[in-house]
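Contents: one structure, followed by commentary.
The values are calculated or read from the model by the stated rules, or taken from the named source; none is laboratory data. These numbers come from a predicted model, not from an experiment. Because the Cβ atoms are built from the backbone with ideal geometry, glycine has one as well, and the counts that use them run over all protein chains shown.
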Amino acid sequence: MNVGPEPRLILLCGLPGSGKTTLAKRLARDIPAARLCPDEWLSDLGIDPFDERTRDRLERRFWTHAQDLLRLGQTVVLEFGFWERSSRDEKRLAARALGIPVELRYLAVSIDELCRRLEVRGRDGEPGTVPVNRELLEEYVQLFQAPDDDELGLFDEPPPRPSE
C-alpha cells in the first residue's frame with residue numbers, strides 16, 4: 001500500500017536561463033522526486049553539450065528510466081526544456097497511459113532577462129551549465145514552441161502543498 005503522495009511526471013519547459021534547474025532541484029527536494037537533467041550528465045561525462053546525437057540518446061534513456069520510476073511509484077522531474085509541443089504531447093500521453101498525472105511547468109522569461117541570467121551563470125562557471133550567448137539564444141527563441149493556454153489545460157495542476 002502506497003502511503004506517500006501519488007507519483008507524478010513533471011515536465012519543465014523553458015529556454016536556457018529560465019530557471020528550470022533551480023525549480024527542478026527545489027521540487028526534487030520538497031516532493032521528493034527523481035530529477036533527470038541531460039545537461040548535468042553530459043557535463044559530468046565530459047561530452048559536448050551541443051552533441052545532439054548523444055543528447056537525444058541520453059534523453060531517450062532517461063525517458064525509459066523515468067517510466068520505470070513512475071511504475072515504481074516515484075515522482076519524476078524531467079529537465080529537458082521541452083521546446084516542441086510534440087515532445088510534451090508524447091510524454092503526457094505515455095504517462096497518462098500508465099495512469100500517472102502529468103504537470104507541465106512552463107517558465108516564461110523575457111529574452112533580456114534570459115540573457116542577463118545566462119551572463120551571470122557564465123561568469124559564475126556553474127558546473128553542468130551550457131554556455132549560451134545572446135545570438136544563440138535568439139536562434140533558440142525562433143525554434144521554441146511556447147505552450148498556449150489550450151495546451152496548458154491538457155496537463156494536471158500541481159497537488160496542494162501540505163500546510164507546514
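Brief remarks follow.
- Yes/no for L104 being surrounded by fewer than 14 Cβ atoms within 10 Å (Cβ to Cβ), closer than 21 Å to A33 by Cα and modelled with pLDDT of 95 or more: no
- Against the conditions (1) closer than 22 Å to T22 by Cα; (2) out of contact with any Cys (no Cβ under 8 Å at 6 or more places or on another chain); (3) small (G, A, S), G81 satisfies every one except (2).
- Members of the stretch 12-27 that are of a type in the set (K, R) and under 12 Å from the mean Cα position of the chain (by Cα): K20, K25
- Within the stretch 143-156, residues that are farther than 14 Å from L11 by Cα sit with their Cβ atoms under 7 Å from residues that are exposed (fewer than 15 other Cβ atoms within 10 Å of the Cβ) and among the charged types (D, E, K, R), at 6+ positions apart or across chains, in these pairs: Q145/E84; Q145/R85.
- Residue within the stretch 152-164 that is of a type in the set (A, V, I, L, M), at pLDDT 95 or above and under 19 Å from the mean Cα position of the chain (by Cα) present: yes
- Listed by first and then second residue, the pairs with beta-carbon distance under 7 Å, at least 6 apart or on different chains, first residue in the stretch 7-30 and closer than 20 Å to L70 by Cβ and in contact (Cβ under 8 Å) with a residue 12 or more places away in the chain, second among the aromatic types (F, W, Y) and not in a loop (DSSP other than H, G, I, E, B), are C13/Y106.
- Within this structure, T64 passes the test of being among the β-branched types (V, I, T) and without any contact (Cβ under 8 Å) to a residue 12 or more places away in the chain.
- In the stretch 1-23, the residues that are surrounded by 21 or more Cβ atoms within 10 Å (Cβ to Cβ), among the aliphatic types (A, V, I, L, M) and not in a strand (DSSP E or B): L15
- Checked against (1) out of contact with any helix residue (DSSP H, G or I) (no Cβ under 6 Å at 6 or more places or on another chain); (2) crowded, with 19+ Cβ neighbours inside 10 Å, L69 passes all but condition (2).
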